[in-house]
Amino acid sequence: MIRLLSVVGARPNFMKIAPIVDELKKAPDIEHCLVHSGQHYDDQLSGNFFADLGLPIPDVNLQTGSGSHAVQTAEIMKRIEPVLVDYKPQMLLVVGDVNSTIAAALTAVKLGIGVAHIEAGLRSFDMTMPEEINRKLTDAICTLLFVTEQSGVDNLRREGVPAERIFLVGNVMIDCLLRHRELAARSSILDRLGLRQNGSGCRPYAVLTLHRPSNVDDVKTLEGILSAVSALATDLPVFFPIHPRTRKNIETFGLGRYLANAGTTSKVGIVPLDPLGYLDFLSLNDRARLVLTDSGGIQEETTVLGVPCLTLRENTERPATVDHGSNRVIGVNAERILAAARSILQKPTRAFERPPLWDGKAAPRIVTVLREYLEKG
Ligand code: UD1
């Protein structure tokens, strides 16, 4: 029997592990323990995703909670260590680039347990991003590196990782999207937001998400983005599911004037929403005319949905979304954001390519590699 243990912790981890969990359920020769670090704990950022994705209740919840980077990372390490010692997995699986990813990986390697990193090799080359630090450190100590796009392979090779440990397998986040797209289409979100028109059509609208510390912890940057998007909101409704970090800062910085009154959908101003569950958010993005975001995962999802995406950052660690997909990295200058958004609205929508291997089969490829590697001993 092969024993695997996976650690997830924050919102973008859950859709990456779901296809792996599904695949492992089909493997009678593999025993799997799912651990939630508790980095995210609200239903809006965690519980609702487990429900939407059909994920089982985690076998262990470390209930770590929020804290500074050092406190959160250290606390996860302290709490995961006895679980790893007790369960003795042959390999730890970690996904993405959050604090739970590096904390679990570092603890495991020090116990002599091999680590497989899913979504390895992505690089923004911006070491002010906590995620870039997490990605580089995790990749440096991993045994198996599962990569979503060619740039990841190139980055890892440049960093000296031997080719035989790198596997270009596609994108588990896209596996998850393709498996849930039909179910998401049955979500009532478009009706709830008054977007449905007669028949199956809907009014044009845009979606905004923001949570990167570099965008939302700095008053000038946040105000610049909100002023540009509220100007755009005079052209079409813009829906803004607000991350708790961002909501807190909008209140602290007194920027509430850029938001329409909660509950309205037709008044001018960005329409604030609570964070959405996976299916509601997928449904909303799928029919959007335009998405503006600083999220990494949403750049990938819009690429596959064929929805134009403006990335409100100076860089992306996911260049395939620009080379193949609908993504444009526009930065955080208010005039540039507004001009780019308006230019997209003036052009007809067009089809985009999917990056190679973003075909919904990344999870089976990963499990095949894991089994072959572990059976070889
Ligand atoms: C984390 C990840 C980021 C990921 C994001 C998705 C790191 C370094 N960052 O950032 O890569 O894109 O998750 O959301 O791991 N909070 C709640 N409820 C919760 C969790 C957090 O209200 O369930 C609030 C707390 O005030 C907390 C703040 O949100 O201090 C930030 O949470 P944290 O987990 O530290 O980082 P995120 O910004 O969510």
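The values are calculated or read from the model by the stated rules, or taken from the named source; none is laboratory data. Quantities reported herein were computed from a predicted structural model and do not represent experimental measurements. Heads up, the Cβs are rebuilt from the backbone with ideal geometry, glycines too, and the neighbour counts pull from every protein chain shown. For the accessible areas, the whole protein counts, side chains as well, though only heavy atoms, and no ligand, DNA or RNA atoms are used. Shrake-Rupley method; radii C 1.70, N 1.55, O 1.52, S 1.80 Å.
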Exclusive hit being crowded, with 16+ Cβ neighbours inside 10 Å and hydrophobic (A, V, I, L, M, F, W, C), set 57, 2: 2
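Here is a yes/no grid of residues against (1) closer than 18 Å to residue 21 by Cα; (2) modelled with pLDDT of 95 or more; (3) in contact with an Asp or Glu (Cβ under 9 Å, 6 or more places away or on another chain):
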site	(1), (2), (3)
334	no, yes, yes
337	no, yes, no
341	no, yes, yes
351	no, no, no
356	no, yes, yes
362	yes, yes, yes
365	yes, yes, no
376	no, no, no
Considering only residues that are modelled with pLDDT of 95 or more and open to solvent by 80 Å² or more (accessible area, probe 1.4 Å), which ones fall in the range 248-268? 248, 251, 252
Within the range 22-33, considering residues that are open to solvent by less than 50 Å² (accessible area, probe 1.4 Å) and in a loop (DSSP other than H, G, I, E, B), the one nearest to residue 66 (Cα to Cα): 27
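Residue-wise test of (1) over 25 Å from residue 145 (Cβ atoms); (2) of a type in the set (A, V, I, L, M, F, W, C); (3) at pLDDT 95 or above; (4) in a helix (DSSP H, G or I).
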{"residue": "7", "(1), (2), (3), (4)": "no, yes, yes, no"}
{"residue": "13", "(1), (2), (3), (4)": "no, no, yes, yes"}
{"residue": "16", "(1), (2), (3), (4)": "no, no, yes, yes"}
{"residue": "20", "(1), (2), (3), (4)": "no, yes, yes, yes"}
{"residue": "35", "(1), (2), (3), (4)": "no, yes, yes, no"}
{"residue": "52", "(1), (2), (3), (4)": "yes, no, yes, yes"}
{"residue": "75", "(1), (2), (3), (4)": "yes, no, yes, yes"}
The range 189-217, residues that are open to solvent by 50 Å² or more (accessible area, probe 1.4 Å), more than 16 Å from the ligand (Cβ to nearest atom) and either within 20 Å of residue 308 (Cβ to Cβ) or in a loop (DSSP other than H, G, I, E, B) (or both): 197, 198, 199, 200, 203, 204
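Answer with yes or no whether residue 327 is closer than 26 Å to residue 121 by Cβ, in contact with a Cys (Cβ under 6 Å, 6 or more places away or on another chain) and open to solvent by less than 30 Å² (accessible area, probe 1.4 Å). Before the answer, list the steps.
Working: closer than 26 Å to residue 121 by Cβ: yes; in contact with a Cys (Cβ under 6 Å, 6 or more places away or on another chain): yes; open to solvent by less than 30 Å² (accessible area, probe 1.4 Å): yes.
So residue 327 passes the test.
Assess whether residue 239 counts as being within 16 Å of the ligand (Cβ to nearest atom), at negative phi and touching a residue at least 24 places away in the same chain (Cβ under 8 Å). It would help to see each step written out before you state the result.
Details: within 16 Å of the ligand (Cβ to nearest atom): no; at negative phi: yes; touching a residue at least 24 places away in the same chain (Cβ under 8 Å): yes.
Judged against the criteria, residue 239 is not a match.
Give the residue that is nearest to residue 297 (Cα to Cα), with candidates limited to residues of the range 74-84 that are within 16 Å of the ligand (Cβ to nearest atom) and open to solvent by less than 30 Å² (accessible area, probe 1.4 Å).
76
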All-but-one check, residue 290 against (1) out of contact with any strand residue (DSSP E or B) (no Cβ under 8 Å at 6 or more places or on another chain); (2) modelled with pLDDT of 95 or more; (3) over 30 Å from residue 154 (Cα atoms), failing number (1)
Test for residue 293: is it in contact with a helix residue (DSSP H, G or I) (Cβ under 8 Å, 6 or more places away or on another chain), closer than 23 Å to residue 51 by Cα and open to solvent by less than 10 Å² (accessible area, probe 1.4 Å): no
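Would you mind stating whether residue 65 is surrounded by 19 or more Cβ atoms within 10 Å (Cβ to Cβ) and not β-branched (Val, Ile, Thr)?
No.
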Could you please find all residues in the range 179-188 being surrounded by fewer than 17 Cβ atoms within 10 Å (Cβ to Cβ) and either farther than 22 Å from residue 273 by Cα or β-branched (Val, Ile, Thr) (or both)? 182
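For every residue, the table says whether it meets (1) closer than 28 Å to residue 364 by Cα; (2) outside the structural domain of residue 18 (by TED's automatic domain parsing); (3) touching a His at 6+ places or on another chain (Cβ under 8 Å).
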residue: 148; (1), (2), (3): yes, no, no
residue: 160; (1), (2), (3): yes, no, no
residue: 166; (1), (2), (3): yes, no, no
residue: 184; (1), (2), (3): yes, yes, no
residue: 188; (1), (2), (3): no, yes, no
residue: 194; (1), (2), (3): no, yes, no
Among (1) under 30 Å from residue 156 (Cβ atoms); (2) in contact with a strand residue (DSSP E or B) (Cβ under 8 Å, 6 or more places away or on another chain); (3) within 16 Å of the ligand (Cβ to nearest atom), residue 274 falls short only on (1)
Any residue in the range 136-160 that's closer than 8 Å to residue 121 by Cβ: show its pairings with residues that are in a helix (DSSP H, G or I) and open to solvent by 20 Å² or more (accessible area, probe 1.4 Å) at Cβ separation under 7 Å, as long as the two are six or more apart or on different chains. 145/165; 147/153
Which residues, counting only those in the range 234-244, are open to solvent by 10 Å² or more (accessible area, probe 1.4 Å) and touching a Leu at 6+ places or on another chain (Cβ under 9 Å)? 235, 236, 237, 241, 243, 244
Determine if the range 301-317 includes at least one residue that is touching a residue at least 40 places away in the same chain (Cβ under 8 Å), part of a loop (DSSP other than H, G, I, E, B), among the hydroxyl-bearing types (Ser, Thr, Tyr) and under 23 Å from residue 204 (Cβ atoms). no
